[in-house]
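What follows is a set of notes on a single structure, which appears directly below.
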Amino acid sequence: MPFASFDHDPRTRLVFGPGSLARLGVLARELGAQRVLVVTDAGIRKAGHVERATRLLASEGLDFRVFDGVEENPTTHHVEAGAALARGHKADFLVGLGGGSSMDCAKGINFVLTQGGELHEYRGVGKATLPMLPLIAVPTTAGTGSESQSFALISDPVTHLKMACGDRKAAARIAILDPELTLTQPTVVAGSTGIDAVSHAVETLVTRKRTPLSRMFSLEAWRLLEANLESVLKDPNDVDARSGMLLGASLAGAAIENSMLGATHSAANPVTARFGVVHGQAVGILLPHVVRFNAPECEPEYRALASTSELLARRLEALYAATGLPRTLRDFGVEASDLSKLARVAATQWTAQFNPRTVTESDFLEIYQCAL
């Protein structure tokens, strides 16, 4: 392909390695924190990560409050609740601790807390006109790569469809990548989030916005994720494999920041919204079929991952099968009669425009039929 122009603006410092959470308080203090809001969920608190993080903040004399009301696929209601707590605390700093939901919610809180108004006003790119609070992102799953992105993905509480609100000021100033935090993931979470990260590596490699730089991130992310996902599923205490997954997921997130996503995510979003299918499971089911759909235009690029696009699709099916998760849309209650409506919604999703092969409503219908 011709070399694409790009303007690379690295915004997030990566602090990687087992035990690196220990640096949280010092790093927050270096960024000027005094009054911190920790954004997380009840499961992360139960795992003990919140207590450890807040102890590190307190050791540096930082005043903190914890918002642990985040739920999977957070909505604007979660953002508003967290922002209200932040206002009451007069927070000047944010820590997003958890999976993509916690980190995205922290970014969403940052938008409404610093800019005013409602989150939907910031849907799109670059709509924040005022400074935003510094954020440290601490992922506890190897999945979304949200720590490497400037977008908050927040669901509409009525339609349950995701809004993408992006601004370079929303990106984390620092991401702490401590693989030891991922040891507490249940196997089902490690599987679904790991497959999500794999999908990011594969989709970003071929989007219309891809650049030589995003390709570098995509390829290294694939190398790490493809080599380590099955190991993590077999031995959850393998810290080396956990390290590969966490770093791979973060690099895949950086690839998204520079390349965007494609038809897999456009197809997955309405399945999640309507049937409550976990995002990673939806993309895991759909990704091989999108690879086959894209193959006529992407065969040379896919050969960087496998010798042919069909072998890549089969490898993706094998990786997903290793998770032990349901393998068809029908397993989640989707019927043939539902597919037309899903296809109509998928065709309107933002990431569809970046797919390397033009994808229409009828194409989405065919992809769903293959995944049924």
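Each reported figure results from applying straightforward, stated rules to the coordinates on display, with no laboratory input. Computed from a predicted model, the values in this text were never measured in an experiment. Ideal geometry is used to build each Cβ from the backbone, glycine not excepted, and the neighbour counts take in all protein chains shown.
Here are some notes:
- As a rough guide to protection, the peptides 234-240, 105-111, 71-77 ranked by mean Cβ packing within 10 Å, highest first, stand as 105-111, 71-77, 234-240.
- Going from the fewest other Cβ atoms within 10 Å to the most, the residues Thr272, Thr360 appear in the order Thr360, Thr272.
- Cβ-based net charge around Ala321, under 11 Å, with every Lys or Arg adding one and every Asp or Glu removing one: +1
- Here the alpha carbons of the stretch 185-371 define both size measures, Rg and Dmax, at 15.3, 45 Å.
- Fewest-first sequence of Asp167, Asp104 by Cβ atoms within 10 Å of each Cβ: Asp167, Asp104
- Proxy reagent accessibility, fewest Cβ within 10 Å first, across Ser231, Ser218: Ser231, Ser218
- Here the stretch 13-181 is described by how far its Cα atoms reach on the three principal axes: 39, 28, 26 Å, from widest to narrowest.
- For the chain, the 222 nm mean residue ellipticity estimated from helices alone, with every DSSP H stretch of n ≥ 4 adding -39500 (n - 2.57) and the total spread over all residues, rounds to -16500 deg cm²/dmol.
- The stretch 295-322 versus the stretch 264-279: alpha-carbon centroid distance in Å: 22
- Whole-Å distance, taken between Cα centres, linking the stretch 135-167 and the stretch 209-249: 20
- Which label in [x] 21.0; [y] 21.6; [z] 20.4 gives the computed Kirkwood radius over Cα pairs in Å: [z]
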